[in-house]
Every structure is written in C-alpha cells, then in structure tokens.
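The values are calculated or read from the model by the stated rules, or taken from the named source; none is laboratory data. Here the structure is a predicted model, which means the values were calculated and not measured. Methodologically, a virtual Cβ is constructed for each residue, glycine included, from the backbone with ideal geometry; neighbour enumeration extends over all protein chains shown. Quick note on the areas: whole protein, heavy atoms, side chains included, nothing else; ligands and nucleic acids left out. Shrake-Rupley method; radii C 1.70, N 1.55, O 1.52, S 1.80 Å.
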Amino acid sequence: MASSTFEIVRSALAALIVARLTADGVTDVVVGEYEPRGNVTREDRVWIGRARIDQEPLTMGGTSRLVAETVSLDVHVRAPRSGADEDDQKLAEQRAELIFKSVEDGLRADPTVGGTLMFAQVESFESTPDYDESGAIGSIEAVVTAEANL
C-alpha cells in the first residue's frame, strides 16, 4: 500500500524531533505522530496534531504535471509538573520551552525533514499556561509549514 503525504511527513517530523531531543539530552519526552487519547499521563509529550495540505498546479498537460504543496502541521508540547503555585507554573513553562527549542533547532538543522520536503519552518507558536487537578502544565502549540512538490 502506498503511503500518503500526511503519513510520510508526520512520521519524518516525529523522527526528526526524537533525534533532536536525544542529541540535546532532553530525556523522558514521549513523541507521537498523533494526539494522545484516553488517560493522559503526567509525562512530557510532543505530538503532531492537525495536518493540512493545499495543492496548486504548477504545470499541466501531457502525461505529467507538477503540483506545489503547502503543508501545515500543528505541533503540541505538553510539560506537566506537580504543584499549582507560581513557581511550579514557571518550571512547567520552562520545561515546555526547552522541549520546543529542540523542535525548532531540529527544523533549522534539517529544514527538509529527512528529505521529505523542500523546506519546513516554524510559522507560529503560542505558549499557554495551564493546570489540571495534579498541577501546572507548560503548553506550547505551534504551526510548522513546509513546501513540497509532487
């Protein structure tokens, strides 16, 4: 069965993030190609969320055509910490920022995401402090955009 562009890019981006986290010595982070479901644990996590591809024909005719693709992927970082005071929130946010730095650095080092894309970059990101019944959560949501040709 042929792989879809979604599957290829999602898998390559997750592998790039794992490799960069390892190289940076950022340990104990669970990286997933899809959003975790069910009972979310207190582990530090990175996952790829919504994926979108827009296509625009560049050439038409004959038996071949060239299509430009713009790929957008949501990347989520979640770093929970026990305790809910201001210091706990600061620690959670600092951990999320450290994890996200590895994501950014990985894309800077390999903007082709293992040769699957022409160029990828972080388009935007937002840090949103959060908490649950167990404590503070550092949370970052980012959009990675890329260009590719079919």
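Details
- Total residues in region 51-103, condition out of contact with any Ser or Thr (no Cβ under 8 Å at 6 or more places or on another chain) and basic (Lys, Arg): 4
- Here region 17-28 is the region considered, the condition is being in contact with a helix residue (DSSP H, G or I) (Cβ under 9 Å, 6 or more places away or on another chain) and at pLDDT below 95, and the residue that is most open to solvent (accessible area, probe 1.4 Å) is Thr27.
- Figure legend. Inter-residue proximity from region 95-114: first residues free of Cβ contacts under 8 Å to residues at least 40 places away in the same chain and under 13 Å from Ala12 (Cβ atoms), second residues of a type outside the set (Asp, Glu) and not in a helix (DSSP H, G or I), beta-carbon distance below 8 Å, spacing 6+ or different chains. Indicated pairs: Pro111/Leu117; Pro111/Phe119; Pro111/Ala120; Pro111/Gln121; Thr112/Met118; Thr112/Phe119; Thr112/Ala120.
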